[in-house]
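The values are calculated or read from the model by the stated rules, or taken from the named source; none is laboratory data. Since this is a predicted model, take the numbers as computed values, not measurements. Here the Cβ is made from the backbone with ideal geometry for all residues, glycine too, and neighbour counts use every protein chain on show. Just so you know, the surface numbers come from the protein's heavy atoms only, side chains and all, with ligands and any DNA or RNA stripped out. Shrake-Rupley method; radii C 1.70, N 1.55, O 1.52, S 1.80 Å.
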Amino acid sequence: KVLDASTLSFGTRVRWFAICFVAGIVCSILGTALLWLPKGIKLFAVFYTLGNIAALASTCFLMGPLKQLKAMFEPKRLIATVVMLVNILSLL
């Protein structure tokens, strides 16, 4: 069940999911728009990465962090998860 993973109410979890998801979309779009500026590649990398992290955080509010990590590291998703994490960490 969704509510078993946290002490947050369902409404609070959905609200934070929406906030993080919208923030992720906005950061990703902003990063893409900044791509055309001088030094836009760096700005793109920063905002696009922040967008991806916010999108991952949004689903943590719905599923709970442990369930999400278990799902991300299932054998059928392992390669995609590792590639995504390596790319995010390479920008730090």
Item to complete: Return yes when Ala33 is within 11 Å of the chain's Cα centre (by Cα) and either surrounded by 15 or more Cβ atoms within 10 Å (Cβ to Cβ) or more than 16 Å from Leu91 (Cα to Cα) (or both) and no when it is not.
Response: no
Worksheet item: Does Cys27 meet the test of being hydrophobic (A, V, I, L, M, F, W, C), open to solvent by less than 80 Å² (accessible area, probe 1.4 Å) and in contact with a Gly (Cβ under 6 Å, 6 or more places away or on another chain)?
Response: yes
Item to complete: Sort out which residues of region 38-92 are buried (at least 17 other Cβ atoms within 10 Å of the Cβ) and of a type in the set (Phe, Trp, Tyr), and write them in order of number.
Response: Phe44, Phe47, Tyr48, Phe61
Worksheet, complete the sentence: Result of the Cβ filter at 7 Å on region 44-64, keeping first residues that are assigned to a helix (DSSP H, G or I) and partners that are at pLDDT 90 or above and aromatic (Phe, Trp, Tyr), at least 6 apart or interchain, is Ala55/Phe21; Ser58/Phe17; Ser58/Phe21; Phe61/Trp16; Phe61/Phe17; Leu62/Phe17
Worksheet item: Do we find a residue being under 22 Å from Asn87 (Cα atoms) and surrounded by 14 or more Cβ atoms within 10 Å (Cβ to Cβ) anywhere in region 8-22?
Response: yes
